[in-house]
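Note sheet for the following structure.
The values are calculated or read from the model by the stated rules, or taken from the named source; none is laboratory data. Worth saying up front: this structure is predicted, and the values here are computed from it rather than measured. No Cβ is skipped: glycine too gets one built from the backbone with ideal geometry, and neighbour counts run over all protein chains shown.
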């Protein structure tokens, strides 16, 4: 997370909503040496208190879950390089704008009997965003094949104890300067979801 508090102006509800909409992030847990990382899809409960996900049994984090682990899920949004020339004012330096939310909490393995319901809810949440396509459902699977696949994964749940978000959208610049940077970014920027990020910069001006 960026240390400048001006980039932490989003409240918990906005950060949770962003993470819920993305539904995918990097799960990090401390290992014996380097941190263990895994890229995971997830669901966030309606009250914003729980994260649900599943892991392959052979995943190092799953293997370490003999007892609950303190973990963080990093959820990334758009990002882009920002050229000093885009501001239209002197004495600026290069930077990078981005949106990221970190969810911290305690991760535990859940009973195997909860797995099918979790998979059904996960697929339903993702498939509904593909409308008007008819949603894929687990009951389309051959039961024996589905059972075999489910034996390879474990359901997990994280109780959220901390939420932190960095929305680095040039809030530390005057409105006209930020707008100029957003316009140039939309036209020439590079990174991830650059046009979305530029739109967020403009929206932040009008809060």
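For region 80-112, filtered to residues that are within 19 Å of the chain's Cα centre (by Cα) and farther than 20 Å from residue 16 by Cβ, the residue that is surrounded by the fewest Cβ atoms within 10 Å (Cβ to Cβ) is 96. Of all residues in region 147-175, those that are at positive phi have Cβ atoms under 7 Å from Cβ atoms of residues that are outside any loop (DSSP other than H, G, I, E, B) and modelled with pLDDT of 95 or more, 6 or more apart or on another chain, in 170/97; 170/178; 170/181; 170/201.
Consider region 47-73. How many of its residues are under 14 Å from residue 122 (Cβ atoms), surrounded by 18 or more Cβ atoms within 10 Å (Cβ to Cβ) and under 16 Å from the mean Cα position of the chain (by Cα)? Residues flagged as under 14 Å from residue 122 (Cβ atoms), surrounded by 18 or more Cβ atoms within 10 Å (Cβ to Cβ) and under 16 Å from the mean Cα position of the chain (by Cα) within region 47-73 amount to 4. In region 47-79, of all residues being outside any strand (DSSP E or B) and touching a helix residue (DSSP H, G or I) at 6+ places or on another chain (Cβ under 9 Å), the one that is farthest from residue 149 (Cα to Cα) corresponds to 48.
Looking only at residues of region 148-171 that are in a loop (DSSP other than H, G, I, E, B) and in contact with a strand residue (DSSP E or B) (Cβ under 8 Å, 6 or more places away or on another chain), we find that the one that is surrounded by the fewest Cβ atoms within 10 Å (Cβ to Cβ) is 152.
Here is the figure for region 172-199: residues that are under 30 Å from residue 40 (Cβ atoms) and surrounded by fewer than 18 Cβ atoms within 10 Å (Cβ to Cβ) total 7. Mind checking which residues of region 24-46 are surrounded by fewer than 17 Cβ atoms within 10 Å (Cβ to Cβ) and assigned to a loop (DSSP other than H, G, I, E, B)? Result: 30, 31, 32, 33, 34, 35, 45, 46.
The residue of region 150-207 that is modelled with the highest pLDDT, among those that are closer than 17 Å to residue 15 by Cβ and more than 17 Å from the chain's Cα centre (by Cα), is 169.
A quick yes/no check of all residues on (1) in contact with a strand residue (DSSP E or B) (Cβ under 9 Å, 6 or more places away or on another chain); (2) under 22 Å from residue 117 (Cα atoms); (3) modelled with pLDDT of 95 or more:
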| position | (1), (2), (3) |
| --- | --- |
| 27 | yes, yes, yes |
| 33 | no, no, no |
| 37 | yes, no, yes |
| 43 | yes, yes, yes |
| 48 | yes, yes, yes |
| 53 | yes, yes, yes |
| 56 | yes, yes, yes |
| 60 | yes, no, yes |
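For the condition without any contact (Cβ under 8 Å) to a residue 40 or more places away in the chain and out of contact with any helix residue (DSSP H, G or I) (no Cβ under 7 Å at 6 or more places or on another chain), residue 106 does not qualify.
In the set 186, 180, which member is in contact (Cβ under 8 Å) with a residue 40 or more places away in the chain, part of a helix (DSSP H, G or I) and closer than 30 Å to residue 96 by Cβ? Matching residue, one of 186, 180: 180.
Only one of the listed residues (116, 121) is surrounded by 13 or more Cβ atoms within 10 Å (Cβ to Cβ) and modelled with pLDDT of 95 or more. That residue is 116.
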